[in-house]
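The block underneath contains the structure these notes are about, expressed in structure tokens.
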Amino acid sequence: MATRQTGATLLKQLMNLDDNAYMRNRLKYHAASRIGIQTGQALGQAMNTDGHNVQSSQVWTSPVSDFIVQSTVAMKTSTDGIATNVQLVTDFTATGTKVKDLANGEVWENENYPAVRLYKQCEMSAVAGSNGTGSKYEAYELLDGGNRIMDWIAPTSVKDNGLPVPGYTARIEGYKSSKWTDLQNCGDVSGNWALAQNNWEFVYMSGMCTFHPDTTPTQYSYTKLRITAFAYKGTYLSDTLSSMSQTTANNMMAIKPFIFSAAAMDSVNEGNDKQIQIPGIVFNVFDNRTGLAYGDLEYNYAGTNSYTVFTIEDYANSDIVFDVNGATQFTAMSFVLATGEPVPVLDPQTIPVYESSSSEEP
């Protein structure tokens, strides 16, 4: 007699979610912008981010031209993550430079694509605390100087004429019996690492490769993992905002008072006059006690190092109220940039005058 199946059981089987706690947790935790380091980790314990919640320091602002894309039509539309990764790596290293060795692999950069850094065949480390079942670590990461590499470029992160770039797929290989093999091609794991089985995943934002607890690398005697993938090294929104703020400040003007005494001024013209250089574009100088304005102003036209020469002619016979030892205080009001730096001053230019011609009366 055939076993009768309920509609719910049949639907569950059709959805292929029978007993995959790993995938259920991935979907559930991702909805909460998190990723666990092992399937047994509670949602409240998962402290690694996975999308949705972002800050200005995480938003990429590099233009598409700063990213490498596939060079052939076949690779632009291919769904083979390994083949497209190999091609993109080949194109990137052909004109790039190896900047250092890391974890038995290599790190490459390319001045033609300043938003991209390639990590080629770098060995990953087991994430501490992810050994949910004895020594069967469920998560792996790439470390550089003790810090996890994050912000990896996913195929959907860059658009090439509206299409994703498949070569940015993270290529993960396992090591066993002196041989490296791409995980999805490992023939001794009963097909459990085939992509359609959803038993492992590389999470680009957090930079972790995670596994179903029943299909971890050590369970199948794979002793090492390595990654070949591209990480982001371009500008972020926080950098852009900071630059915009600085640019705005450099294009705004402020009025800054400069206080000085007569004793700080130089004696010129055989000691008859007093003179001093004041930063910025000075528009008024007055005696601090009387409020009366004094002196002549002459602007410097030397580009960014702008200043104003303030001169009081025949100082001894002026109507300035003298303090003992020439300590009379003045305040100069000067235009400067909002940053406090002097305003760039251009050389003076004569405005051309055009005279209209008129015909003479007959």
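Every number here is computed from the coordinates shown, using simple stated rules; none is lab data. Keep in mind the model is a prediction, meaning the values are calculated, not measured. Cβ atoms come from the backbone with ideal geometry, glycine included; neighbour counts cover every protein chain shown.
Tabulated values for the structure
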{"quantity": "Computed FRET value (nearest 0.05) for S125 with M253, which takes r as the C-beta separation and R₀ as 41 Å", "calculated": "0.15"}
{"quantity": "Residue exposure sequence - F330, F335 - by fewest surrounding Cβ within 10 Å", "calculated": "F335, F330"}
{"quantity": "Ranked list, fewest to most other Cβ atoms within 10 Å of each Cβ, for D182, D66", "calculated": "D182, D66"}
{"quantity": "Alpha-carbon centroids, the stretch 59-76 and the stretch 252-299: separation in whole Å", "calculated": "58 Å"}
{"quantity": "Residue order, fewest to most surrounding Cβ atoms within 10 angstrom, among F211, F230", "calculated": "F211, F230"}
{"quantity": "28 Å Cα-Cα reach of K120 towards lysines, excluding residues that sit fewer than 8 places from it in its own chain", "calculated": "K76, K98, K100, K136, K159, K176, K179, K224, K233"}
{"quantity": "Cα-projected label distance for N112 with D319, points at 7 Å along beta-carbon direction, nm", "calculated": "7.6 nm"}
{"quantity": "Residues K100 and N300, FRET efficiency given R0 of 35 Å [Cβ-Cβ distance, rounded to 0.05]", "calculated": "0.15"}
{"quantity": "Centre separation in Å (Cα based) which lies between the stretch 219-236 and the stretch 114-143", "calculated": "7 Å"}
{"quantity": "Kirkwood-based shape ratio for the stretch 252-337, expressed as Rg/Rh from alpha carbons", "calculated": "0.97"}
